[in-house]
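**Student:** The structure under discussion is supplied below as structure tokens; questions concerning it will follow.
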Amino acid sequence: MKQLRRTASLATLLILCVFFITACAPKGSPSNEQTQEEILAVLNQQVAEWNRADIPAFMETYVKGDALRFSSGGNVRRGWQETFERYQKAYPSPEAMGHLTFVDFEVMPLSEEWAQVHGRYILKRSGDYSDATGLFTLLLQNTKDGWKILHDHTSAAE
């Protein structure tokens with residue numbers, strides 16, 4: 001009888017240990033697939049805002065602050081405000097902005113906080129503006145507000 005009680009106590013203790021370990025264990029990190037879907041949603045948001053000619057909304061996909069770095073055309077701009085002003089100057093009208101498409105995505109989650117994206121942009125324009133295409137590489141940070149672009153390196157094809 002004593003042996004039976006000891007076995008029952010050990011079994012109960014084992015069940016409680018498994019329960020507490022399971023309950024206290026950190027929750028699983030998002031899957032790479034989920035991370036890729038979240039990042040593609042950010043990029044799709046960029047395209048939608050661009051095609052509405054809404055630069056302020058387009059800029060919501062970037063980290064707001066001085067840490068933002070935007071490199072293009074041999075120049076580096078630092079900070080959200082400077083990047084915003086560059087977009088406003090370079091694309092003063094809906095005609096200048098044209099219609100944007102992103103293709104050839106390569107999304108590479110680096111950790112729960114960081115991801116890299118490589119792709120190609122295609123900008124179709126009319127009137128006085130010629131079409132443009134090129135490559136981009138982005139470093140995104142998973143912030144309290146979701147995935148945001150911290151570094152953007154965009155190059156135009158010849």
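The values are calculated or read from the model by the stated rules, or taken from the named source; none is laboratory data. As the structure is a prediction and not an experimental result, all values here were calculated from the model. Note that we place each Cβ from the backbone using ideal geometry, even for glycine, and neighbour counts take in every protein chain shown.
**Student:** Checking the condition modelled with pLDDT under 95 and in a helix (DSSP H, G or I), which residue from PHE84, PHE19, PHE58 passes?
**Tutor:** PHE19
**Student:** Which members of segment 122-146 meet the condition of being closer than 21 Å to GLN45 by Cβ, in contact with a helix residue (DSSP H, G or I) (Cβ under 8 Å, 6 or more places away or on another chain) and hydroxyl-bearing (Ser, Thr, Tyr)?
**Tutor:** Result: no residue meets the conditions.
**Student:** Please work out if PHE70 is among the aromatic types (Phe, Trp, Tyr) and out of contact with any Ser or Thr (no Cβ under 8 Å at 6 or more places or on another chain).
**Tutor:** No; evaluated as a whole, the condition is false for this residue.
**Student:** Looking only at segment 102-134, which residues are assigned to a strand (DSSP E or B), farther than 18 Å from TYR62 by Cα and polar (S, T, N, Q)?
**Tutor:** THR133
**Student:** Follow-up. Scan segment 147-158 residue by residue and report those that are of a type outside the set (A, V, I, L, M, F, W, C), more than 20 Å from VAL42 (Cβ to Cβ) and not in a loop (DSSP other than H, G, I, E, B).
**Tutor:** Of everything in segment 147-158, just one residue is of a type outside the set (A, V, I, L, M, F, W, C), more than 20 Å from VAL42 (Cβ to Cβ) and not in a loop (DSSP other than H, G, I, E, B), namely SER155.
**Student:** Tell me yes or no: at least one residue of segment 115-126 is in contact with a Lys or Arg (Cβ under 6 Å, 6 or more places away or on another chain) and of a type outside the set (Asp, Glu).
**Tutor:** Looking through segment 115-126, none of the residues is in contact with a Lys or Arg (Cβ under 6 Å, 6 or more places away or on another chain) and of a type outside the set (Asp, Glu).
**Student:** Right, something else. Report, by residue number, each residue of segment 139-158 that is among the hydrophobic types (A, V, I, L, M, F, W, C) and over 8 Å from the mean Cα position of the chain (by Cα).
**Tutor:** Scanning segment 139-158 gives LEU150, ALA156, ALA157.
**Student:** Check VAL47, VAL76 and return the single one that is β-branched (Val, Ile, Thr), at pLDDT 95 or above, over 24 Å from SER111 (Cα atoms) and part of a strand (DSSP E or B).
**Tutor:** Unique residue meeting the criteria: VAL76.
**Student:** Shifting gears a bit: Just a yes or no: is a residue in segment 130-144 surrounded by 18 or more Cβ atoms within 10 Å (Cβ to Cβ) and basic (Lys, Arg)?
**Tutor:** no
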